Each structure stands twice: as structure tokens, then as C-alpha cells.
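Read the structure below first, then the notes.
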Amino acid sequence: MLWSSFLGALAGTVIGVLALVGILVAWDYLTERKTQKKRASEGLSTLDSILESHLEEHIVAHFDTLFPDWKIFDDSPESTIGADENSKPTGIRYRTRAGEIDILCIDRQGDFVVIELKRHKAPDKVVSQIDRYIAWVKQNLAHPGQRVKGLIIARSFGNRLSHTLSRRRGIRIWTYRWQLKFNKRPNRKV
């Protein structure tokens, strides 16, 4: 009888220890998965920010080709004297009290154009954002009779944005597509 009580207690202890070890292993596994997901999402957000900065860099580097007869706005004193070739116009990431305009430029008619870049699908709330920028430019930079327009450049847009823009004059949307393509080459035997 004493012996069976001892075996029962020992079995209970072993089961309890195994259950505790199982819980700790499961906890460690779930924590590691959560950490891996977090690292993966941080990697994606880093990739997203790289893509947005590359989009901006590409547009600025090829501005004359993409927007013939337009110029990036520049209100710096150096722009009238003769800018250093390494300096960038102030219209790139133009800071205002309404927010930061991605690119502020002047079209061939002499009107301001506020360009807002979106690296993915443009949400319909981007209209509110660009409206703020347009209002600020009208109040602070535009001369009487000078119009201020908006241009949203995004990878794609949805029906909501399309419907919102159908009622707005002076804001257009363009889409872009970048493609990474690999050319497979046959393995050569060396």
C-alpha cells in the first residue's frame, strides 16, 4: 500500500513536470514565432520605405523626361543666383504647416502642381491630404489668378478614390508599375 502510494505520487510528479516542460516549450515556440513575424514585418516596412524613396528619387532624377516643360518649385535664394549642381530644389519634400508635400512643381501654364506619392494602393483619404496641401499653397504661395492642382501617383487605386475624384476638379491620379524581371540562364558545366 505504501509502495503504491509512492508510485502514484511519483507518477503525478512526472506528469506535472512533463506538463510544465510542455507548456514552456510551447511558450518558447510561440514567442519565437511572434519575434519572427515582427522581424518579417519590420523588413517589409523597411522595403516599403525603400520603395517609396526610390519612387521619389526616380521621379526627381527623370523629372524633365516625365514632366516636359514643368519645373520643381524652388524658392531658395540660391535658385535665383545659380544653384550648386548638387543642391536639390526646395520643392522636394516641401514642408508646410499643412504637412510635407512630396513634390511641389510648376507646370507649363505656370500653375502649381502638388504631387503626392503613394507606394501602394492610394486610399480615398489621400484626397483630404492633397486638399490640405492645395489650400496651403493657394493661401501662401500662389499669385492671384495662378491655379493650384493636385496629382496623386500611386501603384493602384480603388473605386472609392475613383468616385471621390470624379467630383473633384483639379486633382488627377496616375498609376505606375515597376517590374523586377529575372532572365533564367542555363547552367554551364565547367
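A short reminder: the numbers here are calculations on the coordinates, not readings from a lab. None of the values given here were measured: they were computed from a predicted structure. Methodologically, a virtual Cβ is constructed for each residue, glycine included, from the backbone with ideal geometry; neighbour enumeration extends over all protein chains shown.
Please work out the FRET efficiency for the pair ASN187 and ALA9, using the Cβ-Cβ distance as r and a Förster radius of 45 Å; give the result to the nearest 0.05.
Numbers: r = 65 Å, r/R0 = 1.45.
E between ASN187 and ALA9, to the nearest 0.05, is 0.10.
List the residues whose amide H sits under 5 Å from the amide H of ARG172, counting only those 5 or more places along or on another chain, with H placed 1.01 Å from N in the peptide plane.
The answer is GLY150, LEU151, ILE152.
Give, as a single signed number, the net charge of other residues whose beta carbon lies under 12 Å from the beta carbon of ASN159, with Lys and Arg counted +1 and Asp and Glu -1.
Numbers: positive: LYS121, ARG160; negative: ASP124.
Net local charge, ASN159 excluded: +1.
Give me, ordered by chain and number, the residues 5 or more places off PHE157 or on other chains with an amide H under 5 Å from its own placed amide H.
ALA122
What fraction of the DSSP beta bridges in region 84-190 is antiparallel, stated in percent and rounded to the nearest 5?
35
Given a Förster distance of 25 Å, report the FRET efficiency between LYS34 and ASP124 from their Cβ-Cβ distance, rounded to the nearest 0.05. Working shown, then result.
Numbers: r = 33 Å, r/R0 = 1.31.
E(calc), rounded to 0.05, equals 0.15.
Taking 0.36 nm per intervening residue step and subtracting the Cα-Cα distance, what contour gain separates ALA61 from LEU24 on full extension?
Working: separation 37, 0.36 × 37 = 13.32 nm, distance 5.45 nm.
Using 0.36 nm per residue and subtracting the Cα-Cα distance, I get 7.9 nm.
If you rank TRP174, TRP136 by fewest surrounding Cβ atoms within 10 Å, what's the result?
Values: TRP174 11, TRP136 19.
Neighbour counts put them in this order, fewest first: TRP174, TRP136.
Of the listed pairs LYS71/LYS184; LYS125/LYS184; LYS71/LYS125; LYS88/LYS138, which have alpha-carbon separations greater than 32 Å here? Mind dumping the intermediate values first?
On the way: LYS71/LYS184 41 Å; LYS125/LYS184 42 Å; LYS71/LYS125 27 Å; LYS88/LYS138 23 Å.
Pairs exceeding the cut-off: LYS71/LYS184; LYS125/LYS184.
Along region 134-146, what does the Karplus equation 6.51 cos²θ - 1.76 cosθ + 1.60 (θ = phi - 60°) give for ³J(HN,Hα), rounded to whole Hz, x for Gly and Pro?
Ordered by residue, 3J(HN,Hα) equals 4, 4, 5, 5, 4, 6, 10, 10, 6, 8, x, x, 7 Hz.
Are there GluC sites (Glu not before Pro) in region 69-168 that DSSP marks as loop and that have at most 11 other Cβ atoms within 10 Å, and which are they? Provide the component values of the computation, followed by the final result.
Details: sites: GLU78, GLU85, GLU100, GLU116; in loops: GLU85.
Sites meeting the loop and neighbour criteria: GLU85.
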